[in-house]
Structure formats: structure tokens, C-alpha cells
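See structure below.
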There are 2 protein chains.
Amino acid sequence: MDEKVQKVLDYIEEHKEEYLELLLRFCRQPSIAATGEGIEKMAGMVVDELKKLGVEPTVLETGGSPFIYGEIKGEVDRTFGFYDHYDVQPVDPIDEWITPPYSADIRDGVIYARGVADNKDGLVTRLCAVDAWQKVHGKLPLNVKFCFEGEEESGSPHLESVAKAHPEMIQCDGYVWEGGHREKGGPAEITMGVKGLLYVELHAKVSEKDAHSMYAAIMPSAVWHLVEALNTLRDKTGKILIDGFYDGIQPISQAELDALKTDVFSEEDTRKNILGIENFINDEHGEDLLKRLYYQPTCNICGITAGYQGEGSKTVLPGKASCKIDFRLVPGQEPDRILKLLRQHLDKHGFADIEIKCHSGCPAFRSDPNSPFCKAIVRTMETLFHEQPCIQCTSGGTSPMYVFCKEANIPAAMFGASSKNANIHSPNEHLAVDAFYDMIRITATMMHEFARQE
Amino acid sequence: MDEKVQKVLDYIEEHKEEYLELLLRFCRQPSIAATGEGIEKMAGMVVDELKKLGVEPTVLETGGSPFIYGEIKGEVDRTFGFYDHYDVQPVDPIDEWITPPYSADIRDGVIYARGVADNKDGLVTRLCAVDAWQKVHGKLPLNVKFCFEGEEESGSPHLESVAKAHPEMIQCDGYVWEGGHREKGGPAEITMGVKGLLYVELHAKVSEKDAHSMYAAIMPSAVWHLVEALNTLRDKTGKILIDGFYDGIQPISQAELDALKTDVFSEEDTRKNILGIENFINDEHGEDLLKRLYYQPTCNICGITAGYQGEGSKTVLPGKASCKIDFRLVPGQEPDRILKLLRQHLDKHGFADIEIKCHSGCPAFRSDPNSPFCKAIVRTMETLFHEQPCIQCTSGGTSPMYVFCKEANIPAAMFGASSKNANIHSPNEHLAVDAFYDMIRITATMMHEFARQE
């Protein structure tokens with residue numbers, strides 16, 4: 001371990017209590033994107049902490065939660081962007097929490113709090129690592145930019161306008177992106193890209209009112225119509241049947257195939273514990289399974305609703321039916337184009353009357369794994385944990401990486417020390433105290449590694 | 001008009017207020033089958049009224065609401081069965097009622113009350129007509145049997161056991177069955193049969209818990225599975241694709257075809273006002289439309305549910321999905337056989353894992369339109385209203401007629417004076433006061449006509 005880094009790591013070790021206290025304070029402040037509860041106070045706390053680091057933050061009013069920006073110059077002219085968010089998901093169902101979601105109760109070395117693993121841990125980690133560097137060495141090894149938004153849990157509706165209005169703010173040499181896992185005893189996982197997303201609702205309607213089901217013989221059914229429409233979208237293997245849907249998809253590169261071999265994906269744990277299923281789709285295994293997870297677009301029904309859904313029987317013919325669908329997209333699939341293809345598909349198959357409501361769309365993004373940034377992240381993990389990290393060229397999930405990274409082709413990576421079973425978005429969200437300290441150490445080491453990377 | 005009948009009609013005219021008071025009193029007593037609210041009191045009131053007619057009622061405990069039976073001997077040995085029910089539907093949504101559901105408020109000659117058109121009107125009508133005959137002539141023209149149940153709105157779960165345990169009670173020469181319409185200014189409608197019903201729920205499950213939709217690429221989807229299964233059940237024209245489903249269906253007879261010509265079904269009123277749709281299924285019209293309504297079985301989705309159904313977007317892969325289906329059946333289709341065919345169909349098409357929960361099943365029933373009973377009913381309407389009634393050999397709806405009528409092949413008919421737009425089962429259920437008096441007159445006249453029918 002480089003001596004300069006070691007001193008910072010020692011400082012972190014000596015100030016563990018202080019850093020933990022900051023995390024707990026952040027977790028005790030509600031900041032729910034969906035309702036706006038506590039957002040203003042939380043933003044104020046973030047601004048105050050940045051000021052303590054010597055930053056004069058810029059607070060951009062977005063029309064939603066403010067976007068908070070700050071920068072610090074370092075020894076070399078290379079720049080880290082820290083992308084994190086200070087908003088959290090709602091706490092419902094509240095009665096399933098063992099301790100209140102904002103109490104930040106610590107039990108057996110684990111902190112339980114809404115937001116502790118998504119993503120107040122990440123945000124506080126950056127602040128603590130920078131603080132430790134400054135306290136020990138005065139100047140950071142490289143420039144850093146803090147880009148903290150407050151609407152990630154609502155789909156980052158204003159992030160694109162921020163990026164377009166302030167290209168100078170978002171420009172950097174690599175984004176340390178929120179999120180990331182390292183299971184206890186396992187290698188660090190580094191994720192260098194994300195899938196895109198198109199989220200739509202389909203609405204079928206034949207009448208404003210429901211009818212007595214004796215009329216089923218002569219009255220068209222909105223729910224049958226919707227079911228028929230859905231059935232034209234996908235075959236039983238999950239293949240999407242929309243003309244042109246797979247056009248232009250970037251093929252899997254050799255680097256990506258190589259990365260699959262480092263993946264620590266546990267089929268058994270995912271199947272049994274995370275998903276609770278008997279078999280994966282089409283009974284896939286091994287590399288084929290991972291190829292599907294990372295490189296295949298999907299068409300998923302998030303929810304469907306029509307008519308009577310209570311106990312017992314009600315003989316009713318519903319006048320309306322609707323469903324929510326998310327398409328996970330891969331590079332080469334622009335959400336706008338997929339939306340157009342979906343409309344064309346429905347029109348062509350006799351479902352021109354089915355309304356499409358588009359909720360959001362975001363393209364996929366993949367970083368160049370050979371960029372200095374990505375290499376520095378990998379070396380950080382090797383240095384700290386003395387083993388080869390698991391490299392995922394993309395996540396199966398989605399994040400607005402594209403918005404910040406695509407225009408200037410900036411690499412980004414997600415990594416961290418929290419577990420996949422951290423209950424993010426669910427009751428009893430949690431993070432091990434030790435994982436939090438690891439995340440500070442990773443961030444501090446990373447600054448050094450990227451500063452010296454050729 | 002026969003003089004004997006005219007005297008009874010005159011008596012009814014003179015005692016209108018008294019009879020109306022009885023209906024209002026019955027309507028002011030809650031008697032909700034689903035919750036049991038007021039059932040006991042209501043049953044007591046029915047028993048008391050029967051006693052006033054000189055009947056010593058038999059009250060059968062069924063395990064649910066009591067079944068109330070009574071009989072009166074008349075001048076000739078021919079017997080009417082009066083089938084009615086003293087239970088009603090729940091009053092929800094309560095805030096849509098203009099006046100409280102049990103206030104029986106009268107506005108502009110219309111009574112508003114839960115149950116006033118389904119079926120306290122029918123039940124009280126029988127009591128009043130019998131009372132008027134007895135007051136005027138002492139003895140009724142024929143025997144009557146009162147068969148009053150208290151669970152019709154819950155699907156008559158104990159009616160079959162009553163029928164099996166007491167064949168002597170249910171034996172008669174024709175059933176005056178609850179329900180029936182006569183629109184203002186239109187002819188009387190007589191319905192001589194009903195469709196059958198099979199009500200099932202389909203349950204698809206891949207996991208106890210919902211998953212993050214990033215896993216859609218590798219995790220099977222319960223809701224896609226259900227949608228695929230549903231799509232094998234029916235084609236776009238409404239034709240059911242279950243092997244053997246149409247086997248053994250009784251063809252439409254000439255008498256039935258002839259009856260179609262008397263039907264007063266208004267395409268425009270049904271389409272616009274009752275259903276609120278733009279076109280009937282397959283854009284059918286005229287006789288073809290009526291043939292579908294009365295003589296085609298259906299497979300209707302009453303409701304479907306899975307995953308997230310709230311506002312906005314949630315990227316979730318639901319672990320479970322379910323739907324409720326009602327099959328309306330025609331003579332020749334036993335519900336048990338259809339249920340077996342459905343199971344076989346799902347198994348054969350790769351959906352053996354989809355669970356079927358059967359709620360209820362009841363076969364169709366059609367009366368012989370040439371029976372003395374049916375002829376007497378037709379003549380009653382001609383006599384009272386001086387025009388040919390509309391004859392429907394079957395309803396598109398379902399009623400447990402089969403249970404009482406099939407074994408002994410007893411004809412049954414539904415007729416009345418309430419409107420199709422009476423909001424039965426809905427807020428502001430109503431009945432015109434004049435329609436109630438007409439229904440008493442019809443019942444009284446009918447006894448005379450059936451007694452003398454050859």
C-alpha cells in the first residue's frame with residue numbers, strides 16, 4: 001500500500017465514530033422524492049457538509065428537488081465526478097419495519113434505516129473520503145466534482161435539463177456512480193454500465209362503465225382486448241415480437257464475454273433467495289443465463305388491472321383494463337424509437353384503439369472498460385482487497401448514466417460494499433457498519449489510483 | 001276482463017296505500033346476504049306476513065339464511081310456486097346514494113331503496129295479490145307455494161340441499177320466478193329460462209415475492225404466463241377454444257327463433273345507455289345479435305390482477321397473477337364437465353401449473369313455452385295490457401332455476417314491471433310506485449288465468 005494512501009486509511013480508522021455519526025444524521029433526516037417530505041432540509045444538510053470541505057456549492061432549482069453541485073481542485077488535472085442522490089424511497093409498508101425507518105437503529109453491527117444503502121451511504125462516503133484526504137494531505141490527489149440530485153427515486157425527471165444547461169459542471173474524466181455491491185467474503189463487484197428503460201402504460205377501454213356479464217355475448221371486452229394485444233408482444237421464451245425491436249443492437253464484445261467469466265453471480269442464491277423461483281426462464285444456466293441478464297432487452301408486465309379483484313365472485317364485464325410495462329433496453333435501442341415501434345405494432349395488429357401512456361425513457365450506457373478510469377477502479381479493488389474484482393460491463397438494471405456520460409463519452413462505474421440483500425426500496429433497508437467504512441476506504445484509495453493511472 | 005278478477009283489481013286499487021306501506025316497511029329493513037346484516041329480522045317479518053295470510057310457515061335452517069316455505073290450498077288442484085328472495089346486495093358505494101338506501105324515499109313517484117327492485121318488490125307483490133284474492137273471494141283460484149330464500153345475492157349456496165331434502169315442497173306446476181321487466185310504454189317481457197354459470201379463478205405463481213424487474217431477462221413471469229394461458233381460451237370473435245366446449249349444446253328450436261321476433265330488445269338503448277359502447281361484438285345486429293345474447297355461451301374475464309397498479313411507475317416483476325372468469329352456459333353444458341375441460345385444456349397447452357379455484361356452477365334451464373303455465377302467463381299479459389308480450393325463451397343472465405325446476409321439469413317464468421335501468425346491485429336502486437301496483441295486478445290476474453288454462 002502506498003504510504004500516502006495508508007496515512008489516509010489510518011486517519012479514517014481513527015475517525016470512524018465521527019464518520020458514522022454523519023451517516024446516521026443523514027439517515028435520520030427524511031427526504032422522500034415521491035412526496036417531497038424533508039427534501040429541503042436534507043438539501044440544506046448536504047450544502048452545509050460541502051461547505052465544511054471548503055466547497056462553495058451551487059444549488060440549482062430544477063422545478064423539483066434542487067441539484068447540488070460543488071468542485072475541489074486537486075494536485076493533477078484529472079477529474080472524478082461523484083454522482084449520488086440525497087432522496088430516498090417512501091417507507092411503506094411502515095408496519096413491516098422492526099425499528100422506525102428514520103431511527104437508524106444499529107443491531108449486531110448493522111444499521112437499519114431508509115436510504116442507508118440507497119444512497120446516503122454512497123453520498124456520505126464521498127464526503128468522508130475527501131475530508132480524510134484534506135485533513136491528512138491538505139490537497140486532494142485530483143479534482144473532484146460533486147453532482148448530487150434529489151429526484152433519483154422518481155426517475156430523475158430534471159437531470160437531463162441540468163446536464164444540457166450546465167455541460168461544464170458535468171464534464172469530468174470518470175463518474176463514480178451511486179450503488180454497487182460486495183458480498184461478505186466475496187470479491188468487489190464493479191459495474192460499468194446500465195440497461196436503458198422505457199416505461200409505458202397500455203389502456204384499453206370499451207365503455208366508461210362496467211356491465212353485467214350477461215352482456216359478454218354481445219359487448220366487446222376491454223380486458224380480453226388487452227390480453228390479446230399483450231399476447232402479440234412476446235413469445236413464450238421471452239422473445240419480443242415487435243418488428244424492428246432488435247434492430248441495431250450492439251453485439252456482445254470479446255471484452256464483455258471475458259468479463260462474464262469474472263462474474264460472481266450465484267445461480268443458487270439468486271434463484272432461491274433473491275427471486276424465490278424454481279427455475280430460470282427457459283431453464284437457462286451458466287454463461288447463457290448471464291448473457292440474458294446483461295445483454296438481452298426485456299418486455300416485462302409490472303402490473304395489470306381490470307374489473308373486480310376482491311374476495312369471492314362478481315359477474316361483471318369491465319369497461320376498462322390497463323397494464324404497466326417496462327422494457328429494459330440495451331445499447332442501440334433508443335426509447336423514443338422503441339415507443340414508436342410499439343405504437344406501430346399495436347396499430348398493425350388491430351389494437352389502434354389501445355392508448356399508450358409513456359412514463360419515462362432512458363437509453364442504456366456502457367463505459368469503455370479499457371479507459372484509465374475503469375482501470376483505476378479495478379486496481380483500487382485489487383489493492384484494497386488483494387483479489388481480482390468481479391467486472392460487470394453492464395448491470396441488468398437502469399440508472400440515468402446516459403444523461404451525464406453519453407454526450408462526452410465519460411466512463412462511469414458503480415461499486416460499493418453493500419449487499420444485494422440490503423432491502424433497498426423495502427422495509428428494513430440496512431447496511432453493515434463495516435461496509436460503510438470499507439466504502440470510505442475505497443473512495444479514498446480510488447482518488448489516489450486514478451490520479452496516477454496512465 | 002273476467003268479473004272475478006276485476007273485483008280483485010278494484011280491491012287492489014282501493015288498498016294501494018296499505019300495500020305500498022308494506023313494501024316500504026320491507027325496504028326499510030336491511031337484509032344483506034353477504035354480511036348477514038338484518039337477515040334474521042327480515043326473515044321474521046316475512047314469517048309474520050305469511051301468518052297474516054293464514055299460512056303456517058316452515059322455516060328451514062340451512063346453515064346460512066333460513067329458507068321460508070308456506071302453502072295455501074285453492075279452488076283447483078293446480079299449483080303456483082312463488083320463488084323470491086328476501087336478501088339484498090350490499091349498499092356500497094354508500095356515498096353515491098342520493099337518499100339513504102334504507103330510507104325508501106319516494107321522489108316523483110319513484111321509490112329509492114336497496115332491494116326495492118331486486119327482489120322485495122316481487123316478494124311483497126305475491127303477498128299483496130294473495131291478500132287481495134282472499135279478502136275478495138275467500139279462497140284462491142289455485143294452490144300457491146311460497147318459496148322464499150335469503151341467499152340469492154350470494155349465489156344460493158344452500159338452495160340445492162333444500163330442494164333435495166324437500167322435493168314435496170318445491171313440487172308445483174309452474175314457478176313464478178323473481179325478476180322481470182316492462183319498460184314504460186313498452187310491452188311486458190316474459191322470460192322463460194336462464195343461462196347457466198361456471199365461475200372460476202385462475203392463479204399463476206412463480207414466486208411468493210415480487211422481484212426487481214431487472215430480473216425479467218431470467219425470471220419467469222406469472223403475469224405473462226397467465227396472459228398466455230388466457231389467450232389460448234378464446235379467439236378474437238369470442239369463440240371459445242376449449243376442446244369439447246360446444247359439444248352437446250341444444251340447437252335453437254323454431255319456437256325459440258319465433259320468440260326472437262317478439263323481442264323488444266332495443267339495440268340503440270342497450271348499446272348507448274346500458275352498455276355505453278360504440279359497437280356490439282363483431283358489429284353484430286338484429287337476429288344474429290339476439291342469438292348471441294340468448295343462445296351463445298361466453299367466457300368473460302370479470303377481473304384480472306397482478307403487480308403494481310397505483311399511480312406512476314414501479315419497475316417490478318410480479319410473483320403472482322390471477323383472474324376471475326365467468327362462463328355463461330347454455331342447455332347441454334354441465335358446469336362440472338366444463339370445469340374438467342378447462343383443466344384439461346390448460347394442462348394440454350402447458351399451463352398445468354395454473355391453479356383453478358371454482359367458486360360456483362349452475363346449469364342453464366329453459367321452460368317449455370307450450371306448457372299451460374307459460375301460456376297462462378302470456379295470456380295474463382295480453383289481458384292486462386292489451387298487447388302481445390315480448391317472449392324471451394331464456395335470459396342472457398343466470399338464476400338457480402335449474403335447482404328447483406329441472407328434476408321435475410317444472411316451467412318457470414320471470415316477468416314484472418320494473419325497468420332494466422333500475423340500478424339493481426348499484427346505488428339509487430329504484431322502482432316506480434305504479435310499476436309496483438302493476439306487479440300486484442299481474443300476480444292476481446295470473447292466478448286466475450293459470451287456474452282456468454287447459
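The values are calculated or read from the model by the stated rules, or taken from the named source; none is laboratory data. The shown structure was predicted, so the numbers you read here are calculated from the model rather than taken from an experiment. Quick reminder, even Gly has a Cβ in these numbers, built from the backbone with ideal geometry, and neighbours come from all protein chains shown.
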Tell me the residue from B:THR262, B:THR270 that is assigned to a loop (DSSP other than H, G, I, E, B) and of a type in the set (Ser, Thr, Tyr), please. B:THR262
Going by what's in this entry, would B:ALA188 be described as among the aliphatic types (A, V, I, L, M) and at the interface with chain A (Cβ under 7 Å from one of its Cβ atoms)? no
Taking the criterion of being among the hydrophobic types (A, V, I, L, M, F, W, C), more than 7 Å from every other protein chain (Cβ to nearest Cβ) and closer than 14 Å to A:TYR215 by Cβ, would at least one residue in the stretch B:314-327 satisfy it? no
Restricting to the stretch A:290-311, what's the tally of residues that are within 7 Å of another protein chain (Cβ to nearest Cβ) and not in a strand (DSSP E or B)? 5
The one condition in (1) surrounded by fewer than 19 Cβ atoms within 10 Å (Cβ to Cβ); (2) assigned by TED's automatic domain parsing to the domain that holds A:ILE106 that A:GLU355 fails to fulfil: (2)
For the stretch A:148-234, give me every one of the strands (runs of 3 or more DSSP E) that falls completely inside it and has 3 or more residues that are of a type in the set (A, V, I, L, M). A:196-205
Positions within the stretch A:368-389 being surrounded by 20 or more Cβ atoms within 10 Å (Cβ to Cβ) and either under 14 Å from A:ARG441 (Cα atoms) or touching a helix residue (DSSP H, G or I) at 6+ places or on another chain (Cβ under 6 Å) (or both), in sequence order: A:PRO369, A:ALA376, A:ILE377, A:THR380, A:MET381, A:LEU384, A:PRO389
Could you identify the single residue in B:TYR199, B:TYR215, B:TYR175 that is of a type outside the set (A, V, I, L, M, F, W, C) and in contact with a Leu (Cβ under 7 Å, 6 or more places away or on another chain)? B:TYR215
Can you tell me how many residues within the stretch A:203-219 are crowded, with 23+ Cβ neighbours inside 10 Å and more than 9 Å from every other protein chain (Cβ to nearest Cβ)? 1
Identify, please: which residue in the stretch B:385-408 is part of a loop (DSSP other than H, G, I, E, B) and farther than 22 Å from B:PRO297 by Cα and is, among those, farthest from the chain's Cα centre (by Cα)? B:HIS386
Can you run down the residue pairs with Cβ atoms below 7 Å, 6 or more apart or on separate chains, where the first is in the stretch A:289-318 and in the same structural domain as A:HIS203 (by TED's automatic domain parsing) and the partner is among the aromatic types (Phe, Trp, Tyr) and assigned to a loop (DSSP other than H, G, I, E, B)? A:CYS302/B:TYR308; A:GLY303/B:TYR308; A:LYS314/A:TYR308; A:VAL316/A:TYR308
Consider B:LYS239 against the criteria (1) within 25 Å of the chain's Cα centre (by Cα); (2) charged (D, E, K, R); (3) at pLDDT below 95: it satisfies all of them except one. Which criterion is unmet? (3)
Please determine, by comparing only the residues of the stretch A:332-348 that are surrounded by fewer than 22 Cβ atoms within 10 Å (Cβ to Cβ) and not in a helix (DSSP H, G or I), which one is farthest from the other protein chains (Cβ to nearest Cβ). A:GLU334
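Conditions (1) touching a Gly at 6+ places or on another chain (Cβ under 8 Å); (2) among the acidic types (Asp, Glu), marked per residue:
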| residue | (1), (2) |
| --- | --- |
| B:GLY81 | yes, no |
| B:ASP84 | yes, yes |
| B:GLU96 | no, yes |
| B:THR99 | no, no |
Within the stretch A:135-155, can one find any residue that is surrounded by fewer than 23 Cβ atoms within 10 Å (Cβ to Cβ), over 28 Å from A:ASP269 (Cβ atoms), assigned by TED's automatic domain parsing to the domain that holds A:ARG441 and within 16 Å of the chain's Cα centre (by Cα)? yes
